[in-house]
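K.L.:
One structure, as structure tokens, below. Some questions next.
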Amino acid sequence: MLKLLRCAWLCLTLAFFAAWPAIGPAHAKDGEVEVDLELVLAVDVSYSMDPEEQRLQREGYVQALLSPQFLKAVASGPYGKIAVAYMQWASDTDQDVLLPWTVIDGAESARAVADRLSEAPYRRARRTSISGAIDEAMRMFQNNGFHGLRRVIDVSGDGTNNAGRPVTLARDDAVRAGVIINGLPLLLRPSSWGFSDIANLDEYYEDCVIGGPGAFSIPIRNRDQFLEATRNKLVQEVAWRSPVRIEVPVGDFIRVQARAPRVDCMVGESLWRDRWGN
């Protein structure tokens, strides 16, 4: 009996240590810096974004980065640090990196990132390609010098995809590569404001843009929501969780991705063709 107990204990011990690499933090390779999260903030600068929307969008991220809630979320991870990059996008050939990959590991580094974003100039450009933004973010993950336990693309914008490849193809490619896409759709204007605006942009983001385990979208319906919504989204993205499927609160403010599309994911392309014929 004693021999059987010793054998059982030895088997359990060996099984535990054999499983440890799978449940513990991943190890970096080739000198990469280990972080809890690699996060691309991908923000819309197309002409549909008026100057006030752009200012509120940028300021929302700046204030969120400085919030105690965000800093607490950063500190909650196994490594206590994340890598973040800020990319602006418009058409499928127009993306520029306003903030290259930078480590945030506390209040000082968060302040440096916020200051850099605050001082950067604004610009606007033609067309709206969410798929182009996702594809560029995926390229940014390659050989960036970091090894994150999670990789997330944070897409914010006020319109549907109308340039580049279908947004669902870009989303699905990213999800297959293990990347999570979250959304911050801006619904500040009546849907009749512009020819390509749709009333249910929140559903479009939920059904056509976001993807991956625990993906979520937080719509902004009025200007007073910018700071709270942006902060809540960043905290939700950064706060440490094991890399498995999680439950996200369901409601008007935060919704998980729908299983079946309620909107035509090519609606932006159709509206563009109806207006311009190409």
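Nothing in this text is a laboratory measurement; each read-out follows from the coordinates by a stated rule. Worth saying up front: this structure is predicted, and the values here are computed from it rather than measured. Quick reminder, even Gly has a Cβ in these numbers, built from the backbone with ideal geometry, and neighbours come from all protein chains shown.
K.L.:
Can you give me the pair-distance distribution of segment 125-229, C-alpha pairs, 10 Å bins, whole percents?
P.N.:
15, 46, 31, 8, 1
K.L.:
For segment 35-176, just say rounded, prolate or oblate: build the C-alpha gyration tensor, square-root its eigenvalues into a ≥ b ≥ c, call rounded for a/c under 1.5, and beyond that prolate if a/b exceeds b/c, oblate if not.
P.N.:
oblate
K.L.:
Using every alpha carbon pair in segment 68-129, what percent of pairs falls into each 10 Å bin from 0 up to the bin containing the largest distance?
P.N.:
All Cα pairs considered, the percentages come to 20, 41, 26, 13, 0.
K.L.:
Find how many whole Å separate the alpha carbon centroid of segment 199-229 from the alpha carbon centroid of segment 123-179.
P.N.:
Using only Cα atoms, the two centres lie 15 Å from each other.
K.L.:
Can you tell me, using C-alpha contacts under 8 Å and at least 6 residues apart, the relative contact order of segment 75-170 as a whole percent?
P.N.:
Relative CO of segment 75-170 lands at 30 percent.
K.L.:
Binned at 10 Å from 0, what are the whole-percent values of the Cα-Cα distance distribution for segment 32-276, short to long?
P.N.:
Bins of 10 Å from zero give 8, 35, 39, 16, 2, 0 percent of pairs.
K.L.:
Here's another thing I want to ask about it. When you count, for each residue, the other Cβ atoms within 10 Å and take the mean per peptide, how do 45-51, 160-166 rank with the highest first?
P.N.:
Descending packing order for the listed peptides: 160-166, 45-51.
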